[in-house]
């Protein structure tokens, strides 16, 4: 299997805690495609701590939700929201060490629902946390809830992803 890394562009200037470039205290995740997954590498620091030297569970949850979201953005190119998410914390997630967060689609889209899976690994490829989630596509009549500037930025990304001529699962 070819592990080619394809960098995924993202909109600039938004304040999303997980991926925004305009959030001075955010994670500013950078995404890439590896095979049929979307990934991000990150080293969490003291500001992400729960128990001493361990990442806060809410930060881990954010990483898992965000990587699944970008998996849907990249492969499905739609507007959606998280409907539900189930997390299993497998091992403590340390701060100060490189982590990889990986997401992929789960099953076939059913009506407006999309399933995804996410995992957090340490530098030894040990599974630290995982999640499954269900997302719901926003119907056309609800797209007015998305700010116009963000909608334009995301539609531009969707078009760019289509032009990459990559197979979509």
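Here are the numbers:
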| quantity | calculated |
| --- | --- |
| Filter pass, residue 137 being within 22 Å of residue 8 (Cα to Cα) and touching a strand residue (DSSP E or B) at 6+ places or on another chain (Cβ under 7 Å) | yes |
| Residue tally, condition surrounded by 12 or more Cβ atoms within 10 Å (Cβ to Cβ) and either outside any helix (DSSP H, G or I) or in contact with a helix residue (DSSP H, G or I) (Cβ under 9 Å, 6 or more places away or on another chain) (or both), over the stretch 124-163 | 18 |
| Scan of the stretch 81-111 for residues that are under 13 Å from residue 123 (Cα atoms), part of a strand (DSSP E or B) and touching a helix residue (DSSP H, G or I) at 6+ places or on another chain (Cβ under 6 Å), ordered by number | 101 |
| Residue 3 within 17 Å of residue 123 (Cα to Cα), in contact with a strand residue (DSSP E or B) (Cβ under 7 Å, 6 or more places away or on another chain) and at pLDDT below 95 | yes |
| Residues satisfying the stated conditions in the stretch 35-53, i.e. surrounded by 14 or more Cβ atoms within 10 Å (Cβ to Cβ), over 16 Å from the mean Cα position of the chain (by Cα) and either free of Cβ contacts under 8 Å to residues at least 24 places away in the same chain or more than 19 Å from residue 25 (Cβ to Cβ) (or both) | 50 |
| Residues of the stretch 63-87 that turn out to be farther than 23 Å from residue 5 by Cβ and buried (at least 19 other Cβ atoms within 10 Å of the Cβ), as a count | 1 |
| Residue count for the stretch 9-34, restricted to those that are farther than 22 Å from residue 75 by Cα, surrounded by 16 or more Cβ atoms within 10 Å (Cβ to Cβ) and without any contact (Cβ under 8 Å) to a residue 12 or more places away in the chain | 1 |
| Residue 43 vs. criteria touching a strand residue (DSSP E or B) at 6+ places or on another chain (Cβ under 8 Å) and within 20 Å of residue 137 (Cα to Cα) | no |
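The values are calculated or read from the model by the stated rules, or taken from the named source; none is laboratory data. Quick caveat: nothing in here was measured; it's all calculated off a predicted structure. Cβ sites come from the backbone with ideal geometry, for glycine too, and all protein chains shown count toward neighbours.
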